[in-house]
Each structure stands twice: as C-alpha cells, then as structure tokens.
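Comments concern the structure below.
All of the numbers you see were taken from the coordinates with simple rules; none came from a lab. Keep in mind that this is a model prediction, so the values were computed, not measured. In this analysis, Cβ positions are derived from the backbone assuming ideal geometry, glycine residues included, and neighbour counts consider all displayed protein chains.
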Amino acid sequence: MATVPLPTRPRVPDTSKAAPPPSYAKGNARRRPGFRREQFSGWGMIAPAAVLLLAFVFIPAILGFGLAFTNARLISPRPIEFVGTDNFSRLFTDPTFYRALLNVAYFTVVIVPVQSGLALVMALLINKKFRGVNFFRTVYFLPVVTSMVVVSLLWLFMYRKDGLINEILSNVSFGLIHGPDWLGEPNTAMPAIIILSIWQAAGFHMIIWLAGLQGISGELYEASQLDGTSRWQQFRYVTWPGLFHTRSLVLVTITIQALGLFDQISVMTQGGPMDSTTTIVYEAVRSGYRQQETSYASAISLVFFVLVLIVSAVQRHLTREKD
Amino acid sequence: MKNQLLLKNAGTMLVRVLFAVVAAFPIVFMLVSSLKPDQQIFGDMSSFAAFLPVGNISFDNYAAVFDRVPAARFLLNSVGVSTVTVILGIFVNSLCAFALSRMQVRGKKIVFTAILATLIVPFQTLALPLVWWVNQLPYFELNGFSLEISKGWLDTYQVQIVPFIANAFSIYLYHQYFESIPKELDEAARIDGAGWFKIYRRVVMPLAGPATATVAILTFLPAWNSYLWPLMVIQSEELRPVMIGIQYFFQLNVSWGEVMAYASLITVPVVVLFIAFQRSFVNSIASSGVKG
C-alpha cells in the first residue's frame, strides 16, 4: 500500500502546525500586552499545586531513594549513616521477600485479564440506554464506593468455615460441597483474596471501559448494521479496535493497582497462612512501620517502584500503536 | 425474527440482573446483618433469610458500637478531614489546570509533564519515606500571642490532609475539561477588563461542574477510605479516622453484628453521597479525558 508521493505534487500545507494568530506567536510574545502579568498570575496559580507535589511526591521519592542506602530509623537518637547496599543484600537473601514477589506475580497474572474482562462485559451490558440503566450503573459501582477495608472485613466474615460463602456453595450443590476455611489454608487464601479484589474493583474499570465505549461513533455501528454483521462481528471489528487507547489505560491501572496489593492482606490475613499471601508492600509496611526500619522499608519500596516501572514499560511497548 | 430479538434482549437482561445480584449481595448481607443479634446472623446464614431483615430486628448493634468505639468522634474526624481535602483539592488543582490549559505561561509544558510523571509513582512506594519526611517538617502553632515552632507532623490533622491536596489525576481531569471550553470566552472577558483570576472564578469554573463532581468524588473516596496512612501517622485516639476504628472490634470477644453495624455506619454516608452525585460523575468520566 506504500504510495510514493510524486515530488512535483504541491504539498498540502499542514494546518495543524500553522502559526497561531500573530499575538500568540512565540517570537513576539514578549511584546504582547499583559505578557508579564500573565506570567506572574500564571505561575501564581500553578505554584500551590506545584509546591505541594514537590513537597509530598518528588521530595519523598528522592528521599526514599537516598534513605534506602542508609540505616535511618523512624525515631532514633543515632545520626543517619550511609551503609551502601547493605539493605539490598539483606533483602535479596530474604526468602520472605521472594515469597512476596511470587504472591504478587500470581495475584497480578490472574487479576489483570479476569478483572479487565469482567469490567468490559459489565460496561457492554450498560453501554446502551435502556429503562433502568442508571440503576444498574449505580449497583455495579456500589462495591467501588465501599472501602477496601470494609470489603475485606465483610468478606473475612463471609469466608469463615461456617460463613456465608460456604453456606451458599452447600445450598446450590444440595449439600455436596463443603467449602474450606478459605483464608486459613495456604492453597485457598490467595484465590479468596483475588475473588474479593475483583468484586470490589471491577466497577471502577467498568467506568473507564464505558468512557471508551461512549467515544466510539454511533455511525460505525449503524454502518455495520447495514452490512448485516452479527453481534460478535460488530464487537470484533468495531468495538474492539475502537477501544485501543482505553485498553492500555485499563491494563496499566489494573496492573499498578494489583502490584500494590496491601489493604486486603493487612485486614484479612496479615500475610499468612505461612506467608502464602504476603506482598511486597505488606513487607515494606511491616518492616518500616512495625519495626521502624525506615531504611529497609525504603529499599523494599525502591525495588517495588522499579518493578512497577519495568512492568508498565513492557506493557507500553506491547500495546504501542503499530503502523 | 422479532421473537428471536425479544429472547436475546431477555437474555441480556438476565445477565445484567445476575451481575447486579453478585455486586449487591455482600452489601445487602452487611446491612441486614447489622440489624440482627449474632446468634440469628449465624442461624439465618443457611437460608435466604440472610438477606432479609426478618426475625429479631433492632438497632442494638449500633448502640453497642457507640459504647465500644468513640464512633461519633471518628466520623467527625473523617468528615472534617475528607471535606477539607476535597475543598482545597478542588481549588488548588483546578487553579493549576487553569493556568496550564488556558494561559500562555512559559515553561508550562515541562511543569505539566512533571505533574503527569507523578502518576506512575504508586502511593505505597512513597508512604514510608513520607512518614520519615513529615516527621522532620516544622509545625507552627499559635499559642496565645507567641508563635511556637515544633518539629514533626506525626499525630496531627494536617498530616492527614496536606499531602493529599495536590493530585496529578485531578489536574489532568480539569485540564482535559478546560480544553473543551472555548477560549473565546476568556478573550471576551479580558476585553471586558476581567483579570485572570476573575476569568477562572466567573467564566471557567462555573462551566466545569461535571469535572468538579468527578474530582470531588475521586478525592473524597480515598480520603474517607484511607487506612494505610493514618495507621502509620496517627497515635492519639481523638485524631483517628473511621477506618482505624475497625481495630477496636477484634480486641476482645468479636461480635459480628457490631462489626457489621460499624461497617454499615461508615459505608452508608459514602453511598448516599455517591448516589447524589452519580449522574454527573458517570457522565463526566464518560465524556472527559479518560479516553486517553
């Protein structure tokens, strides 16, 4: 399909890059009336947010990087000393840390496809207007407005051996299934946490999918209907390509959220049984907060951050626009 | 042909209802159980009664919650902290987005890029260095006529508010929304002699209602739900937010009816607020920048 443009053909001027009206042009911007005042007020308006982000995102991020190579403790009379990579060598010889990595990988690999898939199904179900659409949108979103801490507490109760989940399982199977003590056994604890996490968060990604769906022009659907396509073909050739940008957004947000698994663990299992649900962030909080080892926790946080960066970079690479 | 379509629609509706049941049943179970004594909660569990407010229904659990926990104080703290965070967040972030979107400020591209870059830093990685850092920050206190300076923000209200005011995602949402408002409005206001702040307050912000609703909800939810952060920075009982109150129920004999009552108590306000804002929230997310 590559067509070589003839050199003699006059080029269409690229209007998108054409010079803006003279008063906005870069060259004489300084001479525009009110230029200095605009700079002054503009920076004044940016400053509050910029200063806060600097103080509470950039500085702690840099500090975290630095503290990881020291022996800082939260409250300590001793001066902070530089200890090189001691924290990291301790971390990389800690079997609990590898267990945490493995658990987070397990959680993420299951959560990303299942949760994004279910969220897409939910979005498709409530995309078109019908009677009661607002009711369904609200109900699907209810778990999202419920705090993860409350959700964890609630499911902690439902997952008991004599809890609601096992009673339901027993009822629908006419007494054949006797569910386990979900959170008490190493094999079922992580799957149990996965289920409740999907239940809580799918509604949020449903909204993002919905935004993408609303962005697809209705004409495309009408055109495909004229061609007599089936529902599946319509999804495959109109909807799915139209969700290109949304797809990567959903992917990245679910992945980052999954890698940072913490609240559920802290409320429900505290990493147990037998480290089967411990996570990187949970380990960082355990050492940084309970044992007050800021430096070691910073090292874990740094490793976590690098992990997030690598995973997002790989995802960006895989989902990049292919020409 | 028509019958087939009808059948298909009924099938779709069935799936919709199925998803709604799955989404709602734990919440219904929580609300209903909060009204029952413990024994009955376990008794009803094996039948459909688990989801119905039947039998010995009362607000005893709620009364017991207020006995066990300073729940009113915790609710007040959370309402205060979340409200202040939301109001300051709306102001600070929209102001920043306004300048970045509608003014010719030199260097704004770099600033905007830097702001967006903070989106990839998960809060969990910042939390621990941040605890150490806020403990080094100075704390000014006006005591009578003398200004007292002490060190450390741990165990205060502002440590629960100030770090969460500026938010890159809110700035991004406002920025996207402001881009869709015609710039000619600013020009017209400027010809009428309005200053930039007046344009922001009188022209642009009144048109940005849906963006404000979204930012309000997206700031309120994490503020109300925050758990990890207050767990680390708050010691005093009188400063604790609602989520920390959960710990009180597992100290002595656990009463699940009381746990469910407390869980309902801290969830219902949020749900009510969400339903009130629901329409503009969903619409604005669906129409604003999230298209990516």
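Can you work out the FRET efficiency for the pair A:W240 and A:R320, with r the C-beta to C-beta distance and R0 = 25 Å, to the nearest 0.05? Given R0 = 25 Å and the Cβ-Cβ separation, E is 0.90. Remark: spin-label model distance B:A10-B:V268 equals 3.9 nm, labels positioned 7 Å along the Cα→Cβ axis. Would you mind classifying the range B:1-130 by shape? Square roots of the alpha carbon gyration tensor eigenvalues, ordered a ≥ b ≥ c; an a/c under 1.5 is rounded, otherwise it is prolate if a/b is larger than b/c and oblate if not. Judged from the Cα gyration tensor, the range B:1-130 comes out oblate (a/c at least 1.5, b/c at or above a/b).
For A:T70, nonlocal amide neighbours, meaning residues 5 or more places apart or on other chains whose placed amide H falls under 5 Å from its own, are A:V83. With an a/c value of 1.5 or above and a/b not larger than b/c for the gyration tensor axes a ≥ b ≥ c computed over the alpha-carbon atoms, the protein assembly as shown is described as oblate. With the convex hull drawn over the C-alpha atoms of the range A:93-318, the volume per residue is 154 Å³.
By the combined test of axial Cα extent (at least 18 Å) and Kyte-Doolittle hydropathy (mean at least 0.0), the qualifying DSSP H helices of chain B come to B:2-33, B:71-102, B:209-225, B:256-287. For the cross-link pairs B:K108/B:K183; B:K108/B:K151; B:K109/B:K183; A:K129/B:K8, which exceed 24 Å when the distance is taken from alpha carbon to alpha carbon? Distance filter (> 24 Å) returns B:K108/B:K151.
For the range A:90-143, a/c is not less than 1.5, where a ≥ b ≥ c are the root eigenvalues of the C-alpha gyration tensor, and a/b tops b/c. That puts it in the prolate class. Candidate membrane-span-like segments in chain A, meaning DSSP H helices with Cα atoms spread over at least 20 Å of their own axis and a Kyte-Doolittle mean of -0.5 or above, are A:35-53, A:95-125, A:186-215, A:244-259, A:294-318, with no membrane implied.
Working note: Debye formula, equal point scatterers on the alpha-carbon atoms of chain B, no solvent; log10 I(q)/I(0) at q = 0.10, 0.15 Å⁻¹ is -0.77, -1.23. The convex hull built on the alpha-carbon positions of the range B:32-108 has an orientation-averaged projected area of 9.3 nm². Only helices enter this figure: runs of n ≥ 4 DSSP H residues, each worth -39500 (n - 2.57), summed and divided by the residues of chain A, yield -19500 deg cm²/dmol at 222 nm to the nearest 500. Here the extension length gained between A:F35 and A:N171 equals 41.6 nm, from 0.36 nm per residue of separation less the Cα-Cα distance.
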